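Here is the structure we will look at, set down as structure tokens.
Bear in mind that the values in this text are calculations on the coordinates, not laboratory data. Since the structure is predicted, the reported quantities are computational estimates derived from the model, not experimental observations. A quick note on method: Cβ atoms are made from the backbone with ideal geometry, for glycine too, and the neighbour counts reach across all protein chains shown.
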Amino acid sequence: MNKIQKLNSRTLALGIKHLKKVDSDFTKILRARDDQINTFKKIEGFEGLISLIVEQQLSVASAKAIFNRVKLLCSDFEATSFLQINEDELKGTGLSRQKVLYCRNVAKAVVNKTLDFKKLEKMPDKEVVEILIKIKGIGEWTAQCYLMACMKRLDAWPSSDLGLIVAIQKIKKIKERPKSLTIEKMAEPWKPYRSIAALLLWSTYDKD
């Protein structure tokens, strides 16, 4: 089994070098930012995954406000405690009914041990995604973001993310928003450092 690569100072330097070599657009982005990259960090485990569900299709500011209210209801942020919170109280934080159900699905999976975060640590990216998307409410975007933000995996690629799509369209000067298959093909040369590529692309989208 290949050693699982994580994002750290060493792999970040290697990733920057690789991306500059294979795509001149990354060289331009990095030059404009003095090779500085804003990382995407979240707590690993239940809390991190719930925060990503909260973020689905919301602005960063809105998601943060809602998640902070959820944390006030669940101070230890354990799955068992989360399931004891009244659904109406969760809705009162700003969570939609659908997201309340999604979060409870994750909590139930943890409690009944169909989701074991420690076991995920030893699995390759593909297997982690396969396990996570079995839980209703977790799609490819959430699973890939969990790989990147919570597990610090080096080659996560949330290709359906609007920010990435818009950034790629702008940087590559494409008239229409690129389709999923187009984005996957364009990202092939960026492997095995697509997490770093995503962070760089997000930096251009956030700036504007």
Task: Computed Rg/Rh of the stretch 46-150, alpha carbon atoms with Kirkwood Rh - done: 0.94
Task: Rounded FRET efficiency, nearest 0.05, which uses the C-beta distance separating residue 122 from residue 34 and R0 of 41 Å - done: 0.65
Task: Value of D in µm² per second that Stokes-Einstein yields for the stretch 119-179, Kirkwood Rh from Cα pairs, at 20 °C (1.002 mPa s) - done: 170 µm²/s
Task: If the convex hull is drawn through the Cα atoms of the chain, its volume per residue in Å³ - done: 130 Å³
Open item on the list: Under a crude label model (7 Å from the Cα following the beta-carbon direction), how far is residue 59 from residue 13 in nanometres?
Closed with: 3.9 nm
TODO: For residue 153, enumerate residues with amide H under 5 Å from its amide H, sequence gap 5+ or separate chain, H modeled in the peptide plane.
DONE: 7, 148
Open item on the list: Taking the beta-carbon count within 10 Å as an exposure proxy, list 155, 34 from fewest neighbours to most.
Closed with: 34, 155
Task: Simple Cβ-charge dipole of the chain, Lys/Arg +1 and Asp/Glu -1, about Cα centre, in debye nearest 20 - done: 580 debye
Task: Assigned charges on the beta-carbon of Lys, Arg, Asp, Glu; the stretch 63-178 dipole about Cα centre (debye) - done: 380 debye
Task: Stretch gain in nm, segment residue 41-residue 6, where the contour uses 0.36 nm per residue and the Cα spacing is subtracted - done: 11.3 nm
Task: Dipole of the stretch 46-150, positive direction: furthest Cα of 77, 111, 147, with charges on the beta-carbon - done: 111
Task: Centroid-to-centroid separation of the stretch 59-75 and the stretch 109-138 [C-alpha atoms, Å] - done: 23 Å
TODO: Return the FRET efficiency for the residue pair residue 21, residue 72: r is the Cβ-Cβ distance, R0 is 45 Å, and the value is rounded to the nearest 0.05.
DONE: 0.45
